[in-house]
Structure formats: structure tokens, C-alpha cells
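Novice: Here it is, the structure in full.
Each reported figure results from applying straightforward, stated rules to the coordinates on display, with no laboratory input. The structure presented is a predicted model; accordingly, all values stated were derived computationally and were not measured. Heads up, the Cβs are rebuilt from the backbone with ideal geometry, glycines too, and the neighbour counts pull from every protein chain shown.
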Amino acid sequence: MAQLTITGLRAGVQGREILRGIDLTVRSGEVHAVMGPNGAGKSTLSNVLMGAPGYEVLGGLVTLDGEDLLELPTWKRAAAGLFLAMQYPTEVPGVALETMLTEALVATGKASGDVHALMAAEAERIGFDERFLSRPLNVDLSGGEKKRNETLQLGVLQPKIAVLDEIDSGLDVDALADVSRRVEELTNQSGLGVLAITHYQRLLTVLRPDVVHVLVQGRIVASGGPELVEQLEETGYAPYLEEAEVLDGALADPFADPFADPFK
Amino acid sequence: MSSFTDLSLPTSEDEHWRYSRIADLDLATYEPAPTPEGGAVDVPPVGPRSALVVIVDGRLVASEVDAALEAKGVTVTSGGDVAGIRGTRFDGVDALHDHLVPEVVTIDIPRGVVVPHPIVVVQSLEAEGGASAAHLVVRVGEDADVTVYDHHASEDLAALVVPQTELDVADAARFRYVNVQAYGPRVWQLARQSSRVGKDATFSTTMVALGGDYARMAVESTMVGKGGSGAMRAVYFGEAHQMHDFRTLQDHVAPNTSSDLLFKGAVADHSRAVYTGLIHIGKQASGVNAQQTNRNVKLSEHAWAESVPNLEIENNDVRCSHASAVGPVDEDQRFYLESRGVPPEIADQLIVLGFLDEVLEGLPVPDAVPALRHELVAKLARTES
């Protein structure tokens, strides 16, 4: 039984505080959804958990099975069992998926026999064309293929807790179904705990969350069951925005382009 | 031969020698290399070959040509007619070459001959403290097709080497030339390579620079015939106090010609790299397409790379582009690999090798690639992080 515990997490970018005290606990087999409007701090949360460059932790604690993740370099967070499926997976020319996964499994002591066979089996499960496996990482992949690729790596690396940052963006209906089904299988079969960060409800109609959190202006302002998703569908984020202290006087628009730069 | 130390070398005030280490060269510390004794020479692992040419300290010591090709007129010859060396003589380094060169080694591929496997040239250095110069000419006849793999290597010795290579690509010929520079760490190289590309000919030159203390390579490719195309590729990796210094010229004389340059390099430790390149499009050269890209990855705060692309265009009907960059390992790429569990030092190695592999993977001698990759991995493993 694994447990990711986030306590009073505060973080920012370039001296500006974006997360202003996050408390969350994700256990094995649970699916948590974090929903929120643009600029709420969703991507900051996922990036800070994994230790992305450019983010600054201002306070709080994040532990995975008691181990202080914030003290660890990124690769050791991965070794401890954390995985981040990125919103925009980075292209890495000249580095093949198999090479990276082999190095990752060796370094984290999870090296098993045949990485290629593992990859091929995962690729089949999620309908990822096998010819992409030998390509350089994410190079010339469509948005949907990149997300399938992230899901494939999730299946091969078998982490304890996966943070899915907008895994639904750029996915067509079929790909969304494939990806969600595989994530759900992993929660049931190997007890994967999931923190799914999303702007839209549609992911949560296929990936059934146990708990839904509403993130607004760097704070979780509401948590509840799946019914919260339906409620959000009707009301949008407006009621929560009014509740939250609007410091900058700018209300986030729930219908705004989710890919727009939130800091503009 | 003792007068070679009196030659006046260029200075770093000269535009072509800006950023160079020419001021550090002391000719008095070298003696012209004597005639080689002809010891064993290592032939690089490049798979099957159609001919082998061995040059030691500038002199042809052995050659063998596949009998079937010999019957078709493929020849390797050497001669003393060094006065006949043509091509523009720019400065004291050309004079130094002309002074040191003992003979001209010529490889001839007659018209229409297709050479199935690479012709392997091994250029090695034997004389400790020696100064030497090889002059290699490759003449590829009309509609002929050949790959030449020119491997320059030495043990760890102090030497000055001033090689020059002339590549003649006749009309409609296809010529792929590869130059690997794997000298020991105390070798100074002042090299020059010039090519002339004929009508509808296809030429490519790929340089892999691994060794040397200061290793300079000036590459000029002149597109003299309508419809000719030339590709220039280079990959270089500097470690310790090495310096790789590339000067390039893509000279378009004829119309409808194209050239495409991609140089990728890494500088580690205290090493340095220079790339300065010019695309020149002459008045008559309409319909030209020319590109130039140089990218460098800097692996240490003490390493240094300079990249200076230039265009000189005298005709309006052309398409030209150039791009250059010097920067550290991309931190987003490193984060991506790290987030999967790859330690940062291994992530950096994978990213750098991947970055350089864009040139290696297209090498026209695929059988040579594994050993070259291995050499890059070894260099990377030696660098201080």
C-alpha cells in the first residue's frame, strides 16, 4: 500500500507564489482528479511534484511512503515510485524510447529481462503503433501519439503513483478510451494511485475518479465524490472563483483556451 | 628542408585565422618527417572495401585495388610533381604544406565506373616531433560513383600535420567522401579540403573530428556545374584542452546548384570549438538553394564554442538559410529523461550522443558507425562533469 501525502505545499515561479497551500493524499488504487480553471496552478502542481527546473518550493512537505520527495533529485523521485505523464512531452532527438526505458529500469533497480518485449506488449494494449518504438522520443509524433507514448511508459515503469497532467488534451475519442482503460487496469491490477490533473470533464467520464478536487488560485477549494464533476459541468468554476479571494482582480474564464499562456 | 621554419605564418589578426590558435604554433619545435620505415598501420573497421591506400607521414607506402576495378581503370598513383598542385594558395600555411609535401597521391575513378565498396585511405603519422603533409587528390570521372573513407590517425606523439585534399567531382558523378580525424592528443593539424562539383553531380563530405590538440579544417566546396549539389556534414567532440576549428565555404558559381551544411559539435572540459562559414552565391548563380546549420552543445562552464555563419549573395533568385546555436544540454530534455528515472549524468550522455547522432546516422559508410559511436561514448565518459 503506497501513499503520496502532500501537506501545505506552497510553490512558485520567479518569485511569484502560485500554489498557496495544497493538502492531498493519494493511496494505492485510488483515482483523484484535480480540476481547475486556467492559471489555477494545475501544471505547477504536477511540475513541482516531479521537481521540474524553474519551479521553487516555498513551503510544505511531499512524502511517498514516508520518504521526503522534495529533498530528492527528480530521478530518485521516479525511483521512489512517482511518475509524471507530461502535458507536452518533450522531444529528445536521437534518443530512442527503448534506450531511455532501459537506462531508467537499470538505474532504479527494476531492470528485468526484455525491455523490448515489455514495450511491445504495452504498445499493443494501448494501440500504439510498434514502429514508433524505435523512433527518437516524441519526435514527429502527433499530440495523441505522444500521450499514448506516455501511457506506454507508465505501463512499463509501473510506478506507485502517477500524476497525469492533462493527459486528455490532444487525444481523440478512441485514444482517450485506450489510455483511460489502461490507467484504470493499472489501478485495479497493480494498485497504481492516480492524480489526474485536467481542465475538462471528459477525461473523468471514462476514468472514474474516487475523489474530485477543485483547484482555484493555488488552493483546493472543494473536494468531493464524482458528483462534483457533474456539478462543475453546470456551474463552471465561477462559484468557486467568487469564494476564493481574488487577489489580482482577474477572474479566470472557464471557457478560455486551455492552451493559452496563463501568465499573459 | 631546414628553411621551413622561416615561413611566415598567418596571425590571428587575419580574418581567416580569427579565434584560432595559430599564434601558439612554433615551427622550430618540429623537424620535417623523414621517409617512413613502413611499420604496421591499423585499418579501421569499415566492412568490405574496394581499395586500400596507406599514407604515412605524407608518403604513399601501400595500395591495393580490387582486381575487377583495376581492370576498369581505377588507379592509385603517387608522383613527385608537387609543383603542379593547383588551387588558390592563400597564406603561409599553404606555403608550409607545399614546402613539406613529398608527393601527390592521386586516386582516379574513370568515367562511368561504379565502385561497390568504400575506398579506404589510412593516413598515419610515425615521426615523433615530425612535420608532414599529405596531398591527396581524388578524381571522380563523369557519371562514376564512389565512396572514399579517409581515416587520419596516430599514436600519442607530438607532430604537426598539414594535409590537403582535392576532390574533383565530374559531371553527373556521385561522390561521398568521409574524413575521420582521430589523431593523438598532441597532434597539431592544419588541414584543407577543397572540392569542385560538376554539372548534375552529387557530392557529400562528412567530417568526424575526434582527436588532435589544435585541429583546424578549412573546407571549400565550389559548385561549378549547373544542377550540382553538395552536402557538408561534420561532427566534432572536444575534451580536455582540445580545439576543433572549422572554416567552411559553400561557393555557388553555377545556377540551379544546391548545398546543405550541417555541423554539430560538443565541447567539454576546457575544450574549444570554432565554426565560421560562408555561403557565397555568385552573379550567375540563379536558382540556388543553400543552407547552413551549426549547433554546439557546451558541456562545461570552462568550454567555449564560437559559431559565425555568413552569407554573401550577388544574385536575387536564391533561397538561403542559416542557423547557429551554442548552448548547454537542454534542461527540458534532461528533465524528461530524469522524470522516467534516468540519472542526470546518464541523461546528459544520451542527449549529447543523440544530438551528435544526427550526423553519424547518415554516414555513407554505415559499417564505420558503431566504432565511431563507441569513440564518442568513450570521450564523453572521460569528460569531467
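Novice: Using the Cα centre of chain B as origin and beta-carbon charges of +1 (Lys, Arg) and -1 (Asp, Glu), tell me which of B:I281, B:G73, B:F246 is placed farthest towards the positive end of the dipole.
Specialist: B:I281
Novice: Please report the antiparallel percentage of the DSSP beta bridges confined to chain A, to the nearest 5.
Specialist: 60 percent
Novice: Assign unit charges at the C-beta atoms only (+1 for Lys and Arg, -1 for Asp and Glu), then state the dipole size of region B:2-329 relative to its Cα centre in Debye, rounded to the nearest 20. Before the final figure, lay out each step's value.
Specialist: Working: 25 positive and 43 negative charges, 232 e Å.
It works out to roughly 1120 debye.
Novice: With a 10 Å radius around each residue's Cβ, average the other Cβ atoms per peptide and rank B:268-279, A:39-50, highest first.
Specialist: Those peptides, ordered most packed to least, come out A:39-50, B:268-279.
Novice: Here is a follow-up. So, R0 is 25 Å and r is the distance between the beta-carbons of A:T205 and A:T25; what FRET efficiency does that work out to, to 0.05? List each step's numbers first, then the result.
Specialist: Numbers: r = 24 Å, r/R0 = 0.98.
Given R0 = 25 Å and the Cβ-Cβ separation, E is 0.55.
Novice: With θ taken as phi - 60° and the coefficients 6.51, -1.76 and 1.60, list the Karplus ³J(HN,Hα) couplings across region B:216-222 in order, rounded to whole Hz; mark glycine and proline as x.
Specialist: 9, 9, 9, 10, 10, 10, 10
Novice: Provide, for the protein assembly as shown, the number of lysine pairs with alpha carbons under 17 Å apart, each pair being eight or more places apart or on different chains.
Specialist: Close lysine pairs found across the protein assembly as shown: 9.
Novice: In peptide B:349-356, what is the residue-averaged number of other protein chain Cβ atoms found within 10 Å of each Cβ?
Specialist: Per residue, the number of nearby Cβ atoms from other chains is 4 on average.
Novice: Taking each residue in A:72-82, count the Cβ atoms of any other chain within 10 Å of its Cβ, then average. What number comes out?
Specialist: For peptide A:72-82, the averaged partner shielding equals 4.
Novice: Of all GluC sites (Glu not before Pro) in region B:14-86, which ones are in loop regions per DSSP and have a Cβ with at most 14 other Cβ atoms within 10 Å? Mind dumping the intermediate values first?
Specialist: On the way: sites: B:E15, B:E37, B:E64, B:E70; in loops: B:E37.
Hits after loop and neighbour filter: B:E37.
Novice: Oh, and also: Using +1 on the beta carbon of Lys and Arg, -1 on that of Asp and Glu, and nothing else charged, what's the dipole of chain A about the Cα centre, debye to 20?
Specialist: So the magnitude is around 560 debye.
Novice: Alpha carbons only, please: Rg and Dmax for the protein assembly as shown, in angstrom.
Specialist: 30.2, 94
Novice: I need the shape label for region A:3-243. Rule: rounded when a/c is under 1.5, else prolate if a/b > b/c, else oblate, with a, b, c from the alpha carbon gyration tensor.
Specialist: Because a/c hits 1.5 or more and a/b exceeds b/c, region A:3-243 counts as prolate.
Novice: Note down the relative contact order for chain B as a percent, whole number, built from C-alpha pairs under 8 angstrom at least six residues apart.
Specialist: Relative CO of chain B lands at 10 percent.
Novice: Show the residues, 5+ positions off or on another chain, whose built amide H is closer than 5 Å to the amide H of A:G193.
Specialist: A:G29, A:I161, A:A162
Novice: Rounded to the nearest 5, what % of the DSSP beta bridges within the protein assembly as shown are antiparallel ones?
Specialist: Taking every DSSP beta bridge with both residues in the protein assembly as shown, the antiparallel ones total about 20 percent.
Novice: Then there is this: Among B:250-257, B:92-99, how do they line up by average Cβ neighbours within 10 Å per residue, starting with the highest?
Specialist: B:250-257, B:92-99
Novice: Quantify how strongly other chains surround peptide A:136-143 by giving the mean number of their Cβ atoms within 10 Å of each of its Cβ atoms.
Specialist: Other-chain Cβ atoms within 10 Å of each residue's Cβ, averaged: 2.
Novice: Sticking with this one: Please report, ordered by residue number, every helix of chain B (full DSSP H runs) that is 18 Å or longer along its axis going by C-alpha atoms and whose mean Kyte-Doolittle hydropathy reaches 1.0.
Specialist: Numbers: long enough: B:344-360 (24 Å, 1.04); B:369-382 (20 Å, 0.29).
Passing helices, by number: B:344-360.
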